[in-house]
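This report refers to the structure that appears directly beneath it.
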Amino acid sequence: MHEKPGRTTTRDIMNTNVVSVNENENLENIANIMSEKEIGSVIVVNESGEAKGIITERDMIRIIARSGRGFFNLSAEEVMSKPLVTIIPSTDIEKIEKEMRKRNVKYLPVVESGMLVGIVTLKDVINYLEYRINYLTFK
């Protein structure tokens, strides 16, 4: 992360290697994807590539508790959290942090013109804030 004059935005801290799945994907495949890629969430997109929902590790545990063994046959569309809370690349970091706290979420997909372009995680925000504290302290 490099010091930038002016405000810091989503674009500065977002991860563009976001993993998405089609809304028809079954949860067995989604669980395998999350495990293999060591990620805590996937974004659910429709056939046009528009972000429609999110499935997190926390969601998976709730679904397993409710559905038991039938869990693996459910589709992403059936279980995804929606409506999807998103941000745009120009959102200020302060607004990202407030939005995460207000909505009690750890992941905010980044969309531009309706298309998924990245994701910001709570870890991204914490890393940035830690960087800023160190920069200001040792400047």
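The values are calculated or read from the model by the stated rules, or taken from the named source; none is laboratory data. Values in this document were obtained by computation on a predicted structure and should not be read as measured data. We place every Cβ from the backbone using ideal geometry, glycine too, and count neighbours over all the protein chains shown.
I want to confirm something. Restricting to the stretch 12-48 and keeping residues that are surrounded by 12 or more Cβ atoms within 10 Å (Cβ to Cβ) and among the small types (Gly, Ala, Ser), which single residue is farthest from the chain's Cα centre (by Cα)?
Going through the qualifying residues, I end up with ALA31.
Please state which of the following conditions GLU28 fails to meet, knowing it meets all the rest: (1) part of a loop (DSSP other than H, G, I, E, B); (2) more than 16 Å from ILE119 (Cα to Cα); (3) in contact with a helix residue (DSSP H, G or I) (Cβ under 6 Å, 6 or more places away or on another chain).
Looking at each condition in turn, GLU28 falls short on (1).
As an exercise: evaluate VAL120 against (1) closer than 21 Å to VAL18 by Cα; (2) hydrophobic (A, V, I, L, M, F, W, C); (3) more than 12 Å from the chain's Cα centre (by Cα) and give the number of the one condition it does not meet.
(3)
Yes or no: the stretch 12-23 includes at least one residue that is under 30 Å from TYR131 (Cα atoms), charged (D, E, K, R), in contact (Cβ under 8 Å) with a residue 60 or more places away in the chain and in contact with a helix residue (DSSP H, G or I) (Cβ under 8 Å, 6 or more places away or on another chain).
yes
So which of GLU77, GLU99 is among the charged types (D, E, K, R) and either at pLDDT below 90 or under 13 Å from VAL42 (Cβ atoms) (or both)?
GLU77
Taking LEU116 as meeting all but one of (1) over 27 Å from ASN32 (Cβ atoms); (2) out of contact with any helix residue (DSSP H, G or I) (no Cβ under 8 Å at 6 or more places or on another chain); (3) hydrophobic (A, V, I, L, M, F, W, C), write down the number of the exception.
Answer for LEU116: the failing condition is (1).
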